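Engineer: I am attaching a structure below and will ask some questions about it afterwards.
The values are calculated or read from the model by the stated rules, or taken from the named source; none is laboratory data. For clarity, every value in this text was computed on a predicted model and none was experimentally measured. Here the Cβ positions follow ideal geometry from the backbone for every residue, glycine too, while neighbour counts run over all protein chains shown. The protein model used for the area step is the full one, side chains on, heavy atoms only, and it has no ligands, DNA or RNA in it. Shrake-Rupley method; radii C 1.70, N 1.55, O 1.52, S 1.80 Å.
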Amino acid sequence: MSSVFRSKTARITLSNLSPGPNSQHAQKRLGRGQGSGRGGTSGRGHKGQKARAGNGKPKAGFEGGQTPITKRFPKKGFVNPSYAPVNLDRIQYWIDQGRLQSSPENPITARELLLSGCIHNVHDGIKLLGDNAPYLKTPIHITPSRASQSAIKAVESIGGSVFCQYYNPLALRDCVKSREDRISAAPTRRTDILWYTNWHNRGYLSPEAIAKNPKVEERWKELSKQLLSFKDQTFDTKGIKKM
């Protein structure tokens, strides 16, 4: 008895390939007489919006032209900004691969992180996090939108720098596109003003950041004075009657 066994099925080639069972169906033919079951109105019924040709389906929430319920009710509350997180160990890995580099005059911004593939979407800005901080060995200079205290401490402990800069949607788009022909927006919300004028957060409008940042703009110096002027203001309450 021969020790060679041959397969019962033929070898698969281009000449014997065929579609799988029940993988192909006959085309549904419409408007070909009442006997077919789909003649006359072709399964659409008589008249109406859904019987018209080429209109497609109305979008979700459409109520025939009247004001939809989503617009009739008042809106309350707010939505917190969604930042794109980036950790220090990931930045160090990108530096080791030669995909990121920084200097005090050319810090890492959202543009460099996005183009290098370190992040996939800038969302509402970049937030630097201190996860796996011991893996960071290279001094980095970075300008995110926000930074955690652990990340700031880890970066500055090895000679790097962090300056958090405010970006509205248009300014963030200009940063990613490397446009410099427009003046970037300044923070207007009270919480943003307090955050970006505080050196504890490494805000770029704080007096300490104005003095240390090599890329400081003249406009930032004036903004810092204006936004921090409320700390030196005094109010005369002698003529005010108590209720």
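Engineer: For the stretch 22-46, how many residues are within 45 Å of the chain's Cα centre (by Cα) and of a type in the set (Lys, Arg)?
Structural biologist: Adding up the residues that qualify gives 2.
Engineer: OK, next. Do any residues in the stretch 116-135 that are farther than 14 Å from ARG173 by Cβ have Cβ atoms under 6 Å from those of residues that are in a loop (DSSP other than H, G, I, E, B) and of a type in the set (A, V, I, L, M), where the two are at least six apart or on different chains, and which pairs are they?
Structural biologist: Listed pairs, sorted by first residue: SER116/LEU100.
Engineer: Another question, then. Considering only residues that are touching a Leu at 6+ places or on another chain (Cβ under 9 Å) and in a loop (DSSP other than H, G, I, E, B), look in the stretch 7-40 and name the one that is surrounded by the most Cβ atoms within 10 Å (Cβ to Cβ).
Structural biologist: The qualifying residue surrounded by the most Cβ atoms within 10 Å (Cβ to Cβ) is ARG38.
Engineer: Moving on. Using the structure shown, decide if ASP89 is acidic (Asp, Glu), in a helix (DSSP H, G or I), open to solvent by 30 Å² or more (accessible area, probe 1.4 Å) and in contact (Cβ under 8 Å) with a residue 24 or more places away in the chain.
Structural biologist: When the stated conditions are applied, ASP89 passes them.
Engineer: For residues in the stretch 125-135 being surrounded by 22 or more Cβ atoms within 10 Å (Cβ to Cβ) and of a type outside the set (Val, Ile, Thr), which is nearest to the chain's Cα centre (by Cα)?
Structural biologist: GLY125
Engineer: Among the numbered criteria (1) touching a residue at least 40 places away in the same chain (Cβ under 8 Å); (2) assigned to a helix (DSSP H, G or I), which single criterion is violated by TRP94?
Structural biologist: In the conditions (1) touching a residue at least 40 places away in the same chain (Cβ under 8 Å); (2) assigned to a helix (DSSP H, G or I), TRP94 misses (1) alone.
Engineer: So ILE140 fits all but one of (1) within 21 Å of GLN97 (Cβ to Cβ); (2) open to solvent by 20 Å² or more (accessible area, probe 1.4 Å); (3) of a type in the set (A, V, I, L, M); what number is the exception?
Structural biologist: Here ILE140 meets the rest and fails (2).
Engineer: If you don't mind, there's one more thing I want to ask. In the set GLY40, GLY48, GLY54, GLY64, which member is at pLDDT 90 or above and farther than 30 Å from CYS118 by Cα?
Structural biologist: GLY40
Engineer: Could you run through the stretch 93-119 and say how many residues are open to solvent by 70 Å² or more (accessible area, probe 1.4 Å) and more than 23 Å from the chain's Cα centre (by Cα)?
Structural biologist: 3
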